[in-house]
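Student: Let me begin by handing over the structure; questions about it come next.
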Amino acid sequence: MIVWVTGANGFIGRHLVHELAGAGHAVHGVGHGALDATESRRLGLQSWINGEIDAANLNALATAHGLPTHIFHLAGGSSVGVSIERPFEDFSRTVASTARLLEWLRGSAPNSALIVASSAAVYGADHLGPIPEDAVLTPMSPYGQHKLMMEQLCQSYARSFGIRSAVVRLFSVYGPNLRKQLLWDICSRLKAGQSPLTLGGTGAEIRDWIDVRDVARLLASVAQQLSSEAFSVINGGSGHGTSVTAIADGLIRHWGSDTVVHYSGLARHGDPVSLLADDARLRRMKFDWRIPLDRGLADYVAWFKGQAS
């Protein structure tokens, strides 16, 4: 495959590039962040453009390296909090960039397949058990709303112009190089010697935690098993829910600490009580999650201590 990855310099993007390059594919990237040639090669990129997802940069990639067989679209907003503080910025990163990419595909590469990383945030708050792909979508935050708008754009271009795309709704992705959100926050506080720790919410909130290394394998697998449908949606989740309390306790145990955790009882706006995938479609694809949660947490603590030392 000749593969392009938008957002290749991001958390998931770097792992995906490593996975694709390791499988022998020619991988080219576009997105934000300065990467010199040495760093690009280390990641597995044959070329990198630091800039917007727009026609000029996409044309430059096509001129230099030929049209892609597959594009993995990972560029976009990545934080509920930032989307609430700066909603238009999140809209531009997620919705506008997707619109520019789809329009370029329509005019320049209509036969390229598009694999899009979306989010379980599109489901919203009213789901207490495993959520199937056809559940009602009621996003709670600008972040979730913009991911839904991105999906709707892909569906529109599939119906109207035959641009084939597969949307993967990722649940709670964690792993090495994640420098934000719950795991980073807890480890940062443990490193600082805070005790006890006070976290928001009740600790009973349920999430479907998936290691980023498995996520990279999943996205690559979706590209290899694209359905005949012009547009499809797949839950990127394991089907196993774990509470915030269990995550915090696991991190503290692997850290080697006896720190106690208290919970404020106050939920952050935009955070559902439960986000758990119905993974029936992934099971039909015979995808296997290889990294158990406890090992993933241990690896994260080891990575954090290594980079923070």
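The values are calculated or read from the model by the stated rules, or taken from the named source; none is laboratory data. Owing to the predicted nature of the structure, the values given are computational and were not obtained by experimental measurement. Every residue, glycine among them, receives a Cβ derived from its backbone with ideal geometry; neighbour counts consider all protein chains shown.
Student: Filter the range 219-273 down to the residues that are in contact with a Pro (Cβ under 7 Å, 6 or more places away or on another chain) and farther than 30 Å from GLN155 by Cα and list them by number.
Tutor: THR259, VAL260, VAL261, HIS262
Student: Which of the residues spanning the range 237-251 are of a type outside the set (A, V, I, L, M, F, W, C) and either in contact with a Phe, Trp or Tyr (Cβ under 6 Å, 6 or more places away or on another chain) or in a helix (DSSP H, G or I) (or both)? Talk me through it step by step, then tell me what you get.
Tutor: Our first condition is that a residue be of a type outside the set (A, V, I, L, M, F, W, C); within the range 237-251, this holds for 237-243, 245, 249-250.
Hits for the range 237-251 are GLY237, SER238, THR242, THR245, ASP249, GLY250.
Student: Name the residue that is nearest to ASP126 (Cα to Cα), counting only residues in the range 191-217 that are surrounded by 21 or more Cβ atoms within 10 Å (Cβ to Cβ) and among the hydrophobic types (A, V, I, L, M, F, W, C).
Tutor: Looking at residues that are surrounded by 21 or more Cβ atoms within 10 Å (Cβ to Cβ) and among the hydrophobic types (A, V, I, L, M, F, W, C), I get TRP209.
Student: What do you reckon, is TRP4 aromatic (Phe, Trp, Tyr) and touching a Pro at 6+ places or on another chain (Cβ under 7 Å)?
Tutor: It is true that TRP4 is aromatic (Phe, Trp, Tyr) and touching a Pro at 6+ places or on another chain (Cβ under 7 Å).
Student: Any chance the range 103-115 includes a residue that's assigned by TED's automatic domain parsing to the domain that holds LEU67, within 19 Å of the chain's Cα centre (by Cα) and small (Gly, Ala, Ser)?
Tutor: yes
Student: Cβ-Cβ below 7 Å, separation at least six or inter-chain, first residue in the range 202-231 and outside any loop (DSSP other than H, G, I, E, B), second modelled with pLDDT under 95 and among the hydroxyl-bearing types (Ser, Thr, Tyr): which pairs?
Tutor: That search, which allows pairs on different chains as well, returns ILE206/SER274.
Student: Run down HIS269, HIS254 and say which single residue is in a loop (DSSP other than H, G, I, E, B) and either at positive phi or not charged (D, E, K, R) (or both).
Tutor: HIS269
Student: Just name the residue that is surrounded by the most Cβ atoms within 10 Å (Cβ to Cβ) out of those in the range 155-171 that are small (Gly, Ala, Ser) and farther than 15 Å from ILE234 by Cα.
Tutor: Ranking the qualifying residues of the range 155-171, first place goes to ALA158.
Student: Counting only residues that are under 14 Å from SER172 (Cβ atoms), outside any loop (DSSP other than H, G, I, E, B) and touching a helix residue (DSSP H, G or I) at 6+ places or on another chain (Cβ under 7 Å), how many does the range 278-309 have?
Tutor: If we filter the range 278-309 for residues that are under 14 Å from SER172 (Cβ atoms), which is where we start, we get 279, 289, 291, 293, 296-297, 300.
Now restrict to residues that are outside any loop (DSSP other than H, G, I, E, B): 293, 296-297, 300.
From the residues that got through so far, the ones that are touching a helix residue (DSSP H, G or I) at 6+ places or on another chain (Cβ under 7 Å) too are 297, 300.
Within the range 278-309, residues that are under 14 Å from SER172 (Cβ atoms), outside any loop (DSSP other than H, G, I, E, B) and touching a helix residue (DSSP H, G or I) at 6+ places or on another chain (Cβ under 7 Å) number 2.
Student: Restricting to the range 32-76, name every residue that is touching a residue at least 40 places away in the same chain (Cβ under 8 Å), over 17 Å from ALA99 (Cα atoms) and assigned to a helix (DSSP H, G or I).
Tutor: LEU61, ALA62, HIS65
Student: I'm trying to understand the selection: among the residues of the range 1-31, which are outside any helix (DSSP H, G or I) and over 20 Å from LEU105 (Cα atoms)? Walk me through how you get there before you give the answer.
Tutor: Step one: of the range 1-31, the residues outside any helix (DSSP H, G or I) are 1-10, 23-31.
Result: ASN9, GLY10, ALA23, GLY24, HIS25.
Student: Now for a separate question. So which of LEU276, LEU282, LEU297, LEU293 is at pLDDT 95 or above, hydrophobic (A, V, I, L, M, F, W, C) and surrounded by fewer than 19 Cβ atoms within 10 Å (Cβ to Cβ)?
Tutor: Being at pLDDT 95 or above, hydrophobic (A, V, I, L, M, F, W, C) and surrounded by fewer than 19 Cβ atoms within 10 Å (Cβ to Cβ) holds for just one of LEU276, LEU282, LEU297, LEU293, which is LEU293.
Student: Does any residue of the range 224-231 turn out to be surrounded by 16 or more Cβ atoms within 10 Å (Cβ to Cβ) and over 28 Å from LEU148 (Cβ atoms)?
Tutor: No.
Student: Now for a different question. I need the full set of residues from the range 116-138 which are crowded, with 22+ Cβ neighbours inside 10 Å and either not in a strand (DSSP E or B) or not assigned by TED's automatic domain parsing to the domain that holds ARG86 (or both), in order please. Before you say what the answer is, go through the steps one by one.
Tutor: Start the filter on the range 116-138 by keeping residues that are crowded, with 22+ Cβ neighbours inside 10 Å, which leaves 116-123, 131.
Of everything in the range 116-138, those that are crowded, with 22+ Cβ neighbours inside 10 Å and either not in a strand (DSSP E or B) or not assigned by TED's automatic domain parsing to the domain that holds ARG86 (or both) turn out to be ALA120, ALA121, VAL122, TYR123.
Student: In addition: Answer yes or no: is there a residue in the range 124-142 that is out of contact with any Cys (no Cβ under 9 Å at 6 or more places or on another chain), of a type in the set (Asp, Glu) and modelled with pLDDT under 95.
Tutor: yes
Student: I want to confirm something. Restricting to the range 84-103 and keeping residues that are out of contact with any helix residue (DSSP H, G or I) (no Cβ under 6 Å at 6 or more places or on another chain) and not hydrophobic (A, V, I, L, M, F, W, C), which single residue is surrounded by the fewest Cβ atoms within 10 Å (Cβ to Cβ)?
Tutor: GLU85
Student: On to the next question. Every residue in the range 3-38 that is surrounded by 18 or more Cβ atoms within 10 Å (Cβ to Cβ) and either among the β-branched types (Val, Ile, Thr) or at positive phi (or both), please.
Tutor: Correct list: VAL3, VAL5, THR6, GLY7, ILE12, VAL17, VAL27, VAL30, GLY31.
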